[in-house]
1. I'm told ASP266 meets every condition in (1) open to solvent by 60 Å² or more (accessible area, probe 1.4 Å); (2) without any contact (Cβ under 8 Å) to a residue 60 or more places away in the chain; (3) closer than 18 Å to ARG334 by Cα except one. Can you identify the failing condition by its number?
2. Of these, GLN256, GLN311, which one is in a loop (DSSP other than H, G, I, E, B), out of contact with any strand residue (DSSP E or B) (no Cβ under 9 Å at 6 or more places or on another chain) and within 30 Å of PHE180 (Cβ to Cβ)?
3. In the range 139-175, how many residues are of a type outside the set (Phe, Trp, Tyr) and under 20 Å from LEU186 (Cα atoms)?
4. Quick one: which residue in VAL3, VAL38 is among the β-branched types (Val, Ile, Thr) and over 23 Å from the mean Cα position of the chain (by Cα)?
5. Among (1) open to solvent by less than 30 Å² (accessible area, probe 1.4 Å); (2) touching a Phe, Trp or Tyr at 6+ places or on another chain (Cβ under 9 Å), there is one condition GLU139 misses while meeting the rest; what is its number?
6. From the list SER242, SER162, SER227, SER231, exactly one residue is under 30 Å from ASP7 (Cα atoms) and open to solvent by 10 Å² or more (accessible area, probe 1.4 Å). Which is it?
Amino acid sequence: MKVPFLDLKRIDAELKNALKSKFAEMLDKGFFSGGEEVQAFESQITNYLNSPFSIACANGTDALELALRALGIGKGDEVIIPAMTWVSTAEVVVMVGAKPVFWDTDENGLLASDWEKAITPKAKAVIPVHLYGKLVDMESLMRKAKLHRLFVIEDGAQSFGSFQNGKAAGTFGDVGCLSFYPTKNLGALGEAGMCLTNDQELSNRIKMLLNHGQVIRDKHEIVGRNSRIDSIQAGFLNVILSRFESFQTTRKRIAQMYLDELSSIDGLKLPSDILQEDHNAHLFVIQTGRRDELKRFLLEKEIGTAIHYPQILPDMKPFRSKGEFKNARNLSQRGLSVPLNHWMKDEEIENIVKSIQDFFA
C-alpha cells in the first residue's frame, strides 16, 4: 500500500465544493486585495484565539520579519533562538541586521529552559519556537524575558490551535507569528501568515509596515514593504477554518493510534505529550538511533516520511556558529516524522504501524 507523507489532493468533495463556491463568489465581486474576506478572517482568528489584534500578512516568514521591525530590532541587536527549527527563524533576524544567538533545545526540540544564559547586554529579544505544534513553557519564559527586559516573539508557525492553560499559542509574547502554509493544520491554498499582538500601537505599526508604510493610500509614514495577504487566500481560509475542529479531532485520534500501537517498542521514543492541549499534533516525530535505516525501510514499502530538520541552524553556511548544541544535534540525527494529517485513512495508519513493528521485530 502506497502511503504518501502528505497528499493535499485528498481534500474531500464537500470542502472542495465550498472552496469552489467561495472562489466563484469572489470572482463575481471582483475584489482581490484587502476587503471583507481579509477583515472577516482577522475577526475569526481574533475570536478563536482571543487575540485582541490579528493582522494577516503574506506568509509566516514575513510575519516574523514584521514583528522584529515593529519592535525596532536591528543592527547591533542580538536575538536568542533555538538551534534547531526551520530556517526562517534565523533568516529574518539576519535580514533586519541583527545577530541570531543560538541556544540548545530540550530533547523534544523546544528552546532549553536555561536559555537566559545566552543573554548579553546586546540581547533585545528571544524567539521561542513551538516546534512540531508543542508549546514552549511560556509562563516561565515570559517571567525570564520580563526580568531581563527582552521582547518575546513567538514563532507559532506550526502551533495554530495549541493552548496552554487556556491561552492560545502566539498570544503570550509581544508578537505571535503564524503560518497558514498549505501543509499546516490550518492551511491555505497558497501562502498566508499572520501577526498577533495585545498592543494597539504594535498592531498599527505592523499594519503600516506590511502596506508600504502607509495608513491610507499615498500617505507614507515609515519605510514599509508589501506583505499584504492575498484576499482569495483569506477567503479560502474563512471556509477551511469552519472545519478546523473536526480536522483536529482526526489528528488526535490518529496520534492516539500511533501511541497505542508503538509504545511497547524498545529503542523508539514517541511524542507522548501529543494528546495534550498544548500540542496541536502538527507532526508525529519519532526518535530512534536507526532513523536513516528506518526511513529507507519504510520507503521500500512506499511509505513516505520526512525529517524535520536534518541540519541544525548553527551548522548552516549562512549562520555558522560554534557550540555543542547536544540535544538539537541529537534530534536532527534521530527524529523522523511519520504521516499524520486529517486526510489519512485508518488502514494507512495500520499499515504504517505494522511496518514499523516489523522493522524493530
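1. (2)
2. Details: GLN256 fails: in a loop (DSSP other than H, G, I, E, B).
Among GLN256, GLN311, only GLN311 is in a loop (DSSP other than H, G, I, E, B), out of contact with any strand residue (DSSP E or B) (no Cβ under 9 Å at 6 or more places or on another chain) and within 30 Å of PHE180 (Cβ to Cβ).
3. Of the residues in the range 139-175, 16 are of a type outside the set (Phe, Trp, Tyr) and under 20 Å from LEU186 (Cα atoms).
4. Answer to the check: VAL3.
5. (1)
6. None of the others qualify; the one that does is SER242.
Yes/no matrix, rows are residues, columns are (1) among the charged types (D, E, K, R); (2) at pLDDT below 95; (3) assigned to a strand (DSSP E or B):
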position: VAL215; (1), (2), (3): no, yes, yes
position: GLY224; (1), (2), (3): no, no, no
position: ARG228; (1), (2), (3): yes, no, no
position: ILE232; (1), (2), (3): no, no, no
position: PHE236; (1), (2), (3): no, no, no
position: VAL239; (1), (2), (3): no, no, no
position: PHE247; (1), (2), (3): no, no, no
position: ARG251; (1), (2), (3): yes, no, no
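Residue-by-condition table, conditions (1) assigned to a helix (DSSP H, G or I); (2) among the charged types (D, E, K, R):
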site: MET1; (1), (2): no, no
site: PHE5; (1), (2): no, no
site: GLU25; (1), (2): yes, yes
site: ALA40; (1), (2): yes, no
site: ASN47; (1), (2): yes, no
site: THR61; (1), (2): yes, no
site: GLU65; (1), (2): yes, yes
site: ARG69; (1), (2): yes, yes
site: ILE80; (1), (2): no, no
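The values are calculated or read from the model by the stated rules, or taken from the named source; none is laboratory data. Here the structure is a predicted model, which means the values were calculated and not measured. Here Cβ is always computed from backbone atoms with ideal geometry, including for glycine, and neighbour counts include all displayed protein chains. SASA here: full protein model, heavy atoms, side chains in, ligands and nucleic acids out. Shrake-Rupley method; radii C 1.70, N 1.55, O 1.52, S 1.80 Å.
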